[in-house]
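Undergrad: The structure follows.
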Amino acid sequence: MEPGSAPGGVAAVAAEIKGRRENEVWYLKISKLALAFAIIHSKPPGKSCKEYTEHLAKTVSERDFGWKSKVEVLEAEVLRLRQELLLNKICPRFCLENGEPDASAETLLDQECINPVSYSSQLEDSGCDVSNDYAFDSLGIASDFHQSEHNVDTSKCLLERLPPLSLCSTSKEKSLTAPVQFLQHLLEIRKLSEEGILQAEFTELEHDSFTIRNSVSQLLDGLTVFYNSPKFPVSDFFTEAVSVLISFITNNKLSNHVLKNCFKKLEEFKKNLIQIILRNSSVNRFQALHAVSHTLVLLGRNNILRNSLISLLLSEVRKFAEQLLQAQQIQAMYDITQYENIFPLCMILEQLLQNETEESNVSSTDYDGEEKTKFLENLDQIILCLSDEFPLFSLFLWRVSVLLNSAQIQID
């Protein structure tokens with residue numbers, strides 16, 4: 001290329017791009033004009049152009065909605081097939097170490113290993129009584145989780161011959177069936193492989209992050225929808241769904257696959273749960289708040305999730321304390337509902353920090369974290385100013401500060 005020819009080439013390309021854009025704009029204007037003429041000419045008598053246009057738009061929108069529903073069903077079917085394919089790659093059904101079905105293994109596989117707990121007592125009042133330590137058990141969540149742990153530790157029959165993974169539908173419960181069963185299968189196969197009953201190749205999880213990511217995402221989205229508008233008494237299925245999710249996240253051999261592929265989704269899930277607690281303004285909201293709070297505490301059993309969860313909670317509590325102090329200083333009204341809702345977050349935060357101090361294998365003990373520094377900054381002055389009018393909240397702030405100073409934890 002001769003010297004000086006490059007600028008001319010650039011100018012030519014720029015002119016060509018500009019010409020294409022002008023043509024596209026002109027074509028769009030002509031298309032809109034042609035559509036307007038077509039609507040005017042085809043307009044039935046007795047209807048204005050505006051009414052006929054709105055009618056056409058509604059008709060097209062309904063057709064789009066129908067196609068979207070079909071696409072969602074097909075996507076769910078594709079995910080279900082991918083789940084079954086991945087499970088078969090990890091552990092072909094009844095494939096034992098010797099290559100032949102063993103009678104004892106067949107017996108184990110045929111037995112029914114998970115007996116859903118029947119929850120006889122559900123809260124029937126407004127949910128305002130939180131004086132006992134079994135508030136979460138009334139929703140069935142805590143008791144079911146501990147029962148699931150007991151079953152994993154003591155039961156010999158760990159893998160039943162389960163039906164094919166269910167196709168998702170518009171129902172809340174049915175939309176979660178496939179991801180719950182998929183994660184349940186993985187947990188059961190992992191346990192059987194550890195006991196030497198089955199051969200399983202879990203490296204396949206590394207090669208198919210799509211299925212793991214979409215299964216967990218589907219489960220988290222379904223739980224978020226449920227927590228936004230929970231129905232009481234709580235269905236046993238949602239209790240089981242929470243238990244399966246927590247068991248999978250806390251399983252040392254499987255959780256890395258979830259954290260690696262679904263960490264952002266889990267972070268979004270935690271943020272959503274925190275906002276559900278803060279924004280809930282219904283009169284009989286305390287049952288739902290306890291259910292969400294307990295799920296957050298269970299998520300905090302994972303060290304990685306716990307550190308980020310503590311960071312989120314510290315940020316929300318600090319912001320509210322500053323807003324409350326500002327409202328007090330200018331004698332302004334404050335949101336009493338949000339004031340009531342901040343206490344579940346304080347209790348979650350306190351419990352997670354206590355778990356940190358009780359564990360011997362605390363990671364990165366020399367790192368305080370940005371949120372911890374922000375929280376402790378001017379905290380003594382905030383507590384002093386709020387203590388007369390808001391003694392309970394001030395007490396929680398002080399207790400959290402004591403735990404933060406006694407437990408050197410890593411908070412991002």
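Undergrad: Got a number for residues in segment 214-247 being open to solvent by 20 Å² or more (accessible area, probe 1.4 Å) and aliphatic (A, V, I, L, M)?
TA: Total satisfying the criteria: 1.
Undergrad: Collect the residues in segment 194-231 that are closer than 30 Å to Asn284 by Cα, among the small types (Gly, Ala, Ser) and at pLDDT below 90, keeping them in residue-number order.
TA: Ser229
Undergrad: Let me ask something else about it. Suppose we filter segment 289-327 for residues that are part of a helix (DSSP H, G or I), of a type in the set (Lys, Arg) and within 26 Å of Asn261 (Cα to Cα); how many remain? Write out each step before concluding.
TA: The initial filter retains those residues of segment 289-327 that are part of a helix (DSSP H, G or I), namely 289-299, 303-327.
After this cut, where a residue has to be of a type in the set (Lys, Arg) as well, the list is 306, 318-319.
Those left that are additionally within 26 Å of Asn261 (Cα to Cα): 306.
The number of residues fulfilling the criteria is 1.
Undergrad: With the condition kept exactly as written, say whether any residue in segment 82-102 is at pLDDT below 80 and in contact with a helix residue (DSSP H, G or I) (Cβ under 8 Å, 6 or more places away or on another chain).
TA: Yes.
Undergrad: Pick out, from segment 165-256, the helices (runs of 4 or more DSSP H) lying fully within it that include 3 or more residues that are touching a residue at least 40 places away in the same chain (Cβ under 8 Å) and touching a helix residue (DSSP H, G or I) at 6+ places or on another chain (Cβ under 6 Å).
TA: Working: elements: 172-194, 204-207, 209-228, 236-250.
Once the helices (runs of 4 or more DSSP H) in segment 165-256 are filtered for at least 3 residues that are touching a residue at least 40 places away in the same chain (Cβ under 8 Å) and touching a helix residue (DSSP H, G or I) at 6+ places or on another chain (Cβ under 6 Å), what remains is 172-194, 209-228, 236-250.
Undergrad: Only residues that are modelled with pLDDT of 90 or more, open to solvent by 10 Å² or more (accessible area, probe 1.4 Å), of a type outside the set (Gly, Ala, Ser) and over 21 Å from Leu379 (Cβ atoms): list them for segment 294-346, please.
TA: Hits for segment 294-346 are His294, Val297, Ile336, Thr337, Glu340.
Undergrad: What are the residues in segment 38-49 that are exposed (fewer than 10 other Cβ atoms within 10 Å of the Cβ) and assigned to a helix (DSSP H, G or I), if any? Before the answer, list the steps.
TA: So in segment 38-49, the residues exposed (fewer than 10 other Cβ atoms within 10 Å of the Cβ) come out as 41-42, 44-46, 48.
If the condition is that a residue be exposed (fewer than 10 other Cβ atoms within 10 Å of the Cβ) and assigned to a helix (DSSP H, G or I), then His41, Ser42 are the ones that fit.
The values are calculated or read from the model by the stated rules, or taken from the named source; none is laboratory data. All values derive from a computational prediction rather than experimental measurement. Neighbour counts are summed over all protein chains in view; Cβ atoms, including those assigned to glycine, are modelled from backbone coordinates with ideal geometry. In case anyone asks, the SASA skips ligands and DNA or RNA and just uses the protein heavy atoms, side chains included. Shrake-Rupley method; radii C 1.70, N 1.55, O 1.52, S 1.80 Å.
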